[in-house]
Amino acid sequence: MIGQGEHQTQDFKFAITDSKKIARSLVAFANTDGGRLLIGVKDNGNIVGVESDEEYYMIEAAAKKHCQPAIPFDTIKWEVEGKTVLEIVVKKSKRRPHRAPDPDGQATVYHRVKDMNMVANRILIEVWKKEREGTGALLKIKYAESKLLTYLEINGYITFSKFCGMANISPRKAEKILVNLIHMKVLEMDFTESQVFYKINTKPQLPDSNEDVILGDF
């Protein structure tokens, strides 16, 4: 596992010194694809081990006290080269979005992008809420939707501000359109450190759950 390095579903922690900070990692995993923390491992993969049960209790406090809603996790102890590595396993949550305190103490939604924990934008949060609520999906291809899909077929991707300007619609309406199209798996989001792009979903599928999907008039 250490040989894989840090990635979308794996993170290394030298030690746990701040339960609020570790809560952000737990939330990011639970909000995305799940994942594992290897405690007692440096960023470069060197094993230093944990010396007490204090790390476990700080993680427990993070998961129950600082994650909203609380996040369950499993623990595995590994003995490597005479040192103990603590593996914390978090599953993808059906109760997302989860929140954790940001550096200023504000409850914030995080998600995992490659090997980074990033703040989720409003559109992603609203998509998760739709998934959790299991509300019916309604797809109506009107002027703005048609213009968006045509643009994406030609250019491949678009930003939120570009969509608002191109379709001449308000940010609120643009957000609603993107949320519906992402929820229905028509579009997907591509995250970078500085920007979010929207593009056609190359592997379209119906939304999870037993909800009804209604196609509107074209």
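What the table below lists for this structure:
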| item | result |
| --- | --- |
| For D104, D74, order by how many other beta-carbon atoms lie within 10 Å, fewest first | D104, D74 |
| Rounded Å value of the spacing that divides the Cα centres of the range 77-114 and the range 1-35 | 4 Å |
| Residue exposure sequence - M118, M1 - by fewest surrounding Cβ within 10 Å | M1, M118 |
| The chain - share of DSSP beta bridges that are antiparallel (%, nearest 5) | 80 percent |
| Filtered trypsin sites (Lys or Arg not before Pro), the range 1-75: DSSP coil and at most 15 other beta carbons within 10 Å | K42 |
| Most mobile listed residue (A62, A23, A144) in the chain, GNM with C-alpha springs under 10 Å | A144 |
| Alpha carbon convex hull of the range 17-125, volume per residue in cubic angstrom | 98 Å³ |
| DSSP-assigned coil residues among GluC sites (Glu not before Pro) in the range 75-184, each with at most 14 further Cβ atoms within 10 Å | E81 |
| Distance violations [Cα-Cα > 24 Å] among K77/K129; K64/K92; K64/K203; K140/K173 | K77/K129; K64/K203 |
| Trypsin sites (Lys or Arg not before Pro) restricted to the range 90-178 and DSSP loop, no more than 14 other C-beta within 10 Å | K91, K92, K94, R95, K114, K140, K142 |
| Hydrodynamic radius by Kirkwood, which averages 1/r over all alpha carbon pairs of the chain, in angstrom | 19.0 Å |
| For the chain, built as a Gaussian network whose Cα springs stay under 10 Å, the top-fluctuating residue of V48, V109, V179 | V48 |
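Read-outs throughout are calculated quantities, based only on the coordinates presented, and are distinct from any laboratory measurement. Treat the numbers as computed from the prediction; the structure is a model and nothing was measured. Methodologically, a virtual Cβ is constructed for each residue, glycine included, from the backbone with ideal geometry; neighbour enumeration extends over all protein chains shown.
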